[in-house]
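*Asks:* Below you will find the structure I want to go over with you.
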Amino acid sequence: MVFTTLATLVLELSLTRIFSVVFYYHFAFLAISLALFGLGAGGVFSYVVAAWPGSLFVKLGNLAALNGIAVVLSLMFVLGQGAQPGTAALVLIYFASSLPFFLSGTIISLVVADTVERVDRVYFFDLLGAAIGCMALWPFLNSLGGPNTVLAAAVLFAVSSAIWFHCAPSARGRAVAVVLALMLFALIAYNGRSHLIDIHYAKNQKLPDEIFSKWNVMSRIGLTRSLNIFIDADAQTGISQFDFDHLQDHERRELLYAGPGFPYVVRPGAKTMIIGPGGGWDVARALASGSKDITAVEINPIIANTIMREQFPRFSHYLYLRPEVHVHVEDGRSFVRHSEDKYQVLQATLVDTWASTAAGAFALSENNLYTSDAFRDYLTHLTDDGMLVFTRWGFDPPRESLRLLSLAWQAFQEIGEPDLASHVIILRENSQLINGWGSQDTVLIFRKPVVASDLAKLRAGLGQSKDELIYAPDMPGNATAFAQFLHAPDPQRFWREYRYDVSPVSDDRPFFFYTVQPHDLLRFWQNHEDSADYKINRAVPLLFALVAISVIAIAVILALPPLLLKARLPVEKGLCSFIWYFVCLGAGYIMVQVALIQKFILLLGHPIYALTVIIFSMLISSGAGSYYSRRFIAKGSMERLNLVLAAITVSVAVLAFVAAPIGEYGVGLPLPLKVVITILLISPVGFLMGMPFPTGLTRLEFRYPQAVRWAWALNAASSVMGSAGAIFLAIYVGLRMTLLIGGGLYLVALLVARMESRRTAPVAAAVEPAAVV
């Protein structure tokens with residue numbers, strides 16, 4: 001059981017990375033959808049397999065061996081698509097990729113149904129395997145890469161097959177499974193050298209000619225011969241190739257007199273912090289102005305270390321090894337919060353990757369760099385003559401660059417400086433692209449009001465540049481949306497009436513890039529265009545589609561057993577209502593988990609740390625809760641089950657309110673201590689959340705034994721809706737409310753359990769004590 005769920009989780013999370021590279025980061029949702037739907041459908045199919053003749057363990061061994069082969073075939077099919085797979089191909093990709101999860105769901109459901117009298121222990125080992133899979137993903141991706149990590153899942157399925165055959169016992173089956181595992185292991189070794197099963201097409205085009213590529217849990221990084229660094233075959237950053245020991249005048253002008261270089265025209269030699277320096281262009285701009293103290297904070301170690309400092313430093317003339325440059329591999333927001341320094345320039349240029357982390361269900365998460373809370377942090381780390389400099393895509397009418405001003409407005413209000421209009425300068429580069437993939441707007445936000453001497457330096461620099469001055473405090477009139485907002489008497493009304501949603505977002509609702517007004521969603525979906533703006537915003541309409549698919553999936557799984565299995569399922573009154581207990585548990589668990597991952601990013605300082613620590617601690621503690629559920633909820637006591645469900649609701653509500661303050665005050669602590677604090681906070685509620693599911697299955701087995709596999713399938717399918725629903729709610733009502741709603745689903749489960757208890761109380765009182773071990 002452990003190897004089965006370990007392999008399943010490794011496969012699921014590695015597919016989110018594969019889909020993020022091959023398609024777009026939005027399609028990480030596809031991996032979650034097909035995984036959970038496949039598990040649910042497999043639970044229904046287990047009714048058919050259970051009727052087949054033969055030993056249960058032989059059936060499990062055959063299914064696991066078949067799954068090892070299915071993983072390889074489905075991966076080859078996904079990666080074997082050409083440059084532009086059509087709708088039919090995407091449908092086939094969905095079903096091909098869901099096949100391994102379908103077989104896993106069948107295996108798990110068969111095991112649960114056959115051992116339901118000790119489902120507390122079975123559920124413990126199920127969650128233990130998933131927890132190990134979560135931890136194993138990191139070293140697998142770092143050492144093997146994306147495709148080979150999927151193949152490693154195939155090896156694990158083959159190993160589980162050998163174990164099932166050993167339990168049969170079947171020497172022949174065990175030998176075949178061992179040979180299969182060895183063959184798959186050899187395939188990984190061969191593929192590591194030959195790249196036979198690898199990504200050759202991504203984002204509707206062939207991959208560029210690369211001299212280097214490497215995976216980690218954040219991304220796939222590729223370095224082309226033209227010295228461009230590609231992140232998940234999409235976002236890119238060029239390597240700065242300037243030799244600062246022999247810098248020419250025309251090179252200095254190239255660096256300084258374009259959008260992101262202008263802060264150094266105004267503040268030459270500034271003490272600088274750069275968030276997301278990538279290939280080093282902003283670092284080069286600061287150096288060109290004479291800066292002697294440059295802090296560069298890059299989140300991706302492959303870029304900062306492997307490419308820029310270890311394997312290819314010569315391409316940048318050893319830029320990141322210069323004494324003026326101090327490179328830190330860390331999340332930029334976390335670094336700012338625990339830094340004690342103040343800077344004259346704090347800069348971030350186009351810091352986003354459109355890439356999914358291995359969180360999968362949390363693929364729509366933002367990076368917390370662009371929130372009003374973050375801007376307040378940045379402002380407190382500026383000197384009196386300092387400035388924030390953010391470069392974002394510019395459109396007509398403006399979206400992202402205008403939202404930057406909204407964030408600054410909110411932050412300025414909170415620090416007691418309401419006159420933002422006198423603190424801002426906005427420049428535009430490549431304005432001819434404004435109606436397509438976007439120009440580049442550089443927004444300079446000064447800590448103190450802009451002075452005449454700074455404006456004079458900037459205008460003198462513009463004389464040597466093709467950039468346009470879009471807004472300055474001394475420009476008359478309200479000709480642009482920027483000026484209209486900065487001089488609006490009622491910003492709230494401006495945000496409501498503006499065509500796009502450019503209102504400020506906070507750490508509780510950190511979706512900076514999503515700018516579609518709620519009332520405009522249908523028009524946006526129907527009138528899409530080939531632009532960067534649509535590319536970003538299309539994620540949420542796809543999320544709506546996933547929610548719809550999730551609802552349909554649950555309806556199908558609800559309907560299939562009665563339709564296909566006829567009399568095999570009981571028709572007693574109360575079954576369908578009690579089944580909703582498991583739907584609530586599935587949706588509630590994943591909703592709480594997804595919201596907690598985002599909530600703890602600020603404390604732990606890295607999305608991957610939050611993903612790993614939250615999921616691992618929840619799975620381990622929930623497994624322990626399942627293991628001890630039979631002892632704690634003794635004799636089928638409804639009173640104790642009700643107490644546990646109510647305690648979960650209360651505990652989640654407490655976490656919803658304490659997570660942000662703890663993140664605020666604990667950011668400067670050492671990482672190991674922050675991990676311990678997180679585990680101590682999460683484990684109690686995780687322990688409680690592990691109890692209701694096995695307890696409910698035990699009660700279901702007593703009343704409706706044929707429905708156990710059905711309940712397991714529905715629990716998995718409802719997790720699809722819960723994961724998508726968590727992001728939907730976070731966008732519109734915030735993470736705190738998402739947690740409260742997730743906890744509220746356990747309250748609904750309590751009400752369902754109480755109704756079921758009233759119907760079964762006379763019988764349960766007579767027989768359930770005998771079930772206690």
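*Asks:* Only one residue in V111, V91, V122 is farther than 30 Å from K203 by Cβ and at pLDDT below 80. Which one?
*Replies:* Sole residue among the options that is farther than 30 Å from K203 by Cβ and at pLDDT below 80: V122.
*Asks:* Suppose we filter N216, N204, N191 for residues that are at positive phi and either touching a strand residue (DSSP E or B) at 6+ places or on another chain (Cβ under 6 Å) or not hydroxyl-bearing (S, T, Y) (or both); which single one remains?
*Replies:* From the options N216, N204, N191, the qualifying one is N204.
*Asks:* Another one. I'm trying to understand the selection: among the residues of segment 216-237, which are crowded, with 19+ Cβ neighbours inside 10 Å, out of contact with any helix residue (DSSP H, G or I) (no Cβ under 6 Å at 6 or more places or on another chain) and of a type in the set (S, T, N, Q)?
*Replies:* S219, T237
*Asks:* Looking at (1) touching a residue at least 40 places away in the same chain (Cβ under 8 Å); (2) closer than 20 Å to F446 by Cβ; (3) open to solvent by 10 Å² or more (accessible area, probe 1.4 Å), which one does G276 not meet, given that it meets all the others?
*Replies:* Against the list (1) touching a residue at least 40 places away in the same chain (Cβ under 8 Å); (2) closer than 20 Å to F446 by Cβ; (3) open to solvent by 10 Å² or more (accessible area, probe 1.4 Å), G276 comes up short only on (2).
*Asks:* Sort through E529, E572 and tell me the only one that's over 22 Å from the mean Cα position of the chain (by Cα), farther than 14 Å from W710 by Cβ, modelled with pLDDT under 60 and open to solvent by 20 Å² or more (accessible area, probe 1.4 Å).
*Replies:* E529
*Asks:* Pick from I648, I682, I662, I677: which is over 24 Å from A131 (Cα atoms) and of a type in the set (A, V, I, L, M)?
*Replies:* Answer to the selection: I662.
*Asks:* Does A421 qualify as being of a type in the set (G, A, S) and surrounded by 20 or more Cβ atoms within 10 Å (Cβ to Cβ)?
*Replies:* Considered against the rule, which asks whether it is of a type in the set (G, A, S) and surrounded by 20 or more Cβ atoms within 10 Å (Cβ to Cβ), A421 comes out as no.
*Asks:* Out of A175, A186, which single residue is open to solvent by 30 Å² or more (accessible area, probe 1.4 Å), out of contact with any helix residue (DSSP H, G or I) (no Cβ under 9 Å at 6 or more places or on another chain) and either at pLDDT below 85 or more than 30 Å from F702 (Cα to Cα) (or both)?
*Replies:* The unique qualifying residue is A186.
*Asks:* Something else about it: Based on this model, can you work out whether F582 counts as open to solvent by less than 20 Å² (accessible area, probe 1.4 Å), part of a helix (DSSP H, G or I) and modelled with pLDDT of 85 or more?
*Replies:* yes
*Asks:* Sort out which residues of segment 427-447 are at negative phi and open to solvent by less than 10 Å² (accessible area, probe 1.4 Å), and write them in order of number.
*Replies:* Answer for segment 427-447, where residues must be at negative phi and open to solvent by less than 10 Å² (accessible area, probe 1.4 Å): L427, S439, D441, T442, V443, L444, I445, F446.
*Asks:* Next question. Within segment 639-667, which residues are more than 24 Å from the chain's Cα centre (by Cα) and under 28 Å from F335 (Cα atoms)?
*Replies:* Of everything in segment 639-667, just one residue is more than 24 Å from the chain's Cα centre (by Cα) and under 28 Å from F335 (Cα atoms), namely Y665.
*Asks:* Within the bounds of segment 454-468, is there any residue that is open to solvent by 10 Å² or more (accessible area, probe 1.4 Å), small (G, A, S), under 18 Å from Q347 (Cβ atoms) and modelled with pLDDT under 95?
*Replies:* Within segment 454-468 (the criterion being open to solvent by 10 Å² or more (accessible area, probe 1.4 Å), small (G, A, S), under 18 Å from Q347 (Cβ atoms) and modelled with pLDDT under 95), the answer is yes, since at least one residue qualifies.
*Asks:* Among the residues of segment 124-167, write down those that are more than 22 Å from Y190 (Cβ to Cβ), open to solvent by 30 Å² or more (accessible area, probe 1.4 Å) and more than 18 Å from the chain's Cα centre (by Cα).
*Replies:* F124, F125, L128, I132, I163, H166, C167
*Asks:* Picking from G690, G696, which residue would you name as being of a type outside the set (S, T, Y), open to solvent by less than 20 Å² (accessible area, probe 1.4 Å) and under 30 Å from the mean Cα position of the chain (by Cα)?
*Replies:* Sole residue among the options that is of a type outside the set (S, T, Y), open to solvent by less than 20 Å² (accessible area, probe 1.4 Å) and under 30 Å from the mean Cα position of the chain (by Cα): G690.
*Asks:* Could you tell me whether segment 652-670 includes any residue that is closer than 30 Å to L700 by Cα, modelled with pLDDT of 90 or more and crowded, with 18+ Cβ neighbours inside 10 Å?
*Replies:* So far as segment 652-670 goes, yes, one or more of its residues are closer than 30 Å to L700 by Cα, modelled with pLDDT of 90 or more and crowded, with 18+ Cβ neighbours inside 10 Å.
*Asks:* Take the conditions part of a helix (DSSP H, G or I), farther than 30 Å from P510 by Cβ and open to solvent by 50 Å² or more (accessible area, probe 1.4 Å) and apply them to F702. Does it pass?
*Replies:* When the stated conditions are applied, F702 passes them.
*Asks:* Right, something else. Would you mind stating whether L13 is crowded, with 24+ Cβ neighbours inside 10 Å, modelled with pLDDT under 75 and under 25 Å from the mean Cα position of the chain (by Cα)?
*Replies:* No, not satisfied.
*Asks:* For the list (1) at pLDDT 95 or above; (2) open to solvent by 10 Å² or more (accessible area, probe 1.4 Å); (3) not in a loop (DSSP other than H, G, I, E, B), I need the number of the one condition that V450 fails.
*Replies:* (3) is the only condition that V450 fails.
*Asks:* Would you mind finding the one in L669, L680, L673, L641 that is in a loop (DSSP other than H, G, I, E, B) and more than 17 Å from L735 (Cα to Cα)?
*Replies:* L669
*Asks:* Here's something else I'd like to know. So which residues in segment 248-276 are under 35 Å from the mean Cα position of the chain (by Cα), part of a loop (DSSP other than H, G, I, E, B) and at negative phi?
*Replies:* A258, K271
*Asks:* Checking the structure you have, find out if any residue of segment 353-368 is at pLDDT 85 or above and over 22 Å from K203 (Cβ atoms).
*Replies:* Taking every residue of segment 353-368 in turn, none turns out to be at pLDDT 85 or above and over 22 Å from K203 (Cβ atoms).
*Asks:* Related question: Every residue in segment 613-647 that is open to solvent by less than 20 Å² (accessible area, probe 1.4 Å), of a type in the set (V, I, T) and over 24 Å from R509 (Cβ atoms), please.
*Replies:* If the condition is that a residue be open to solvent by less than 20 Å² (accessible area, probe 1.4 Å), of a type in the set (V, I, T) and over 24 Å from R509 (Cβ atoms), then I633, V644 are the ones that fit.
The values are calculated or read from the model by the stated rules, or taken from the named source; none is laboratory data. Predicted, not measured: the structure shown is a model, and the values here were computed from it. Every residue, glycine among them, receives a Cβ derived from its backbone with ideal geometry; neighbour counts consider all protein chains shown. For the accessible areas, the whole protein counts, side chains as well, though only heavy atoms, and no ligand, DNA or RNA atoms are used. Shrake-Rupley method; radii C 1.70, N 1.55, O 1.52, S 1.80 Å.
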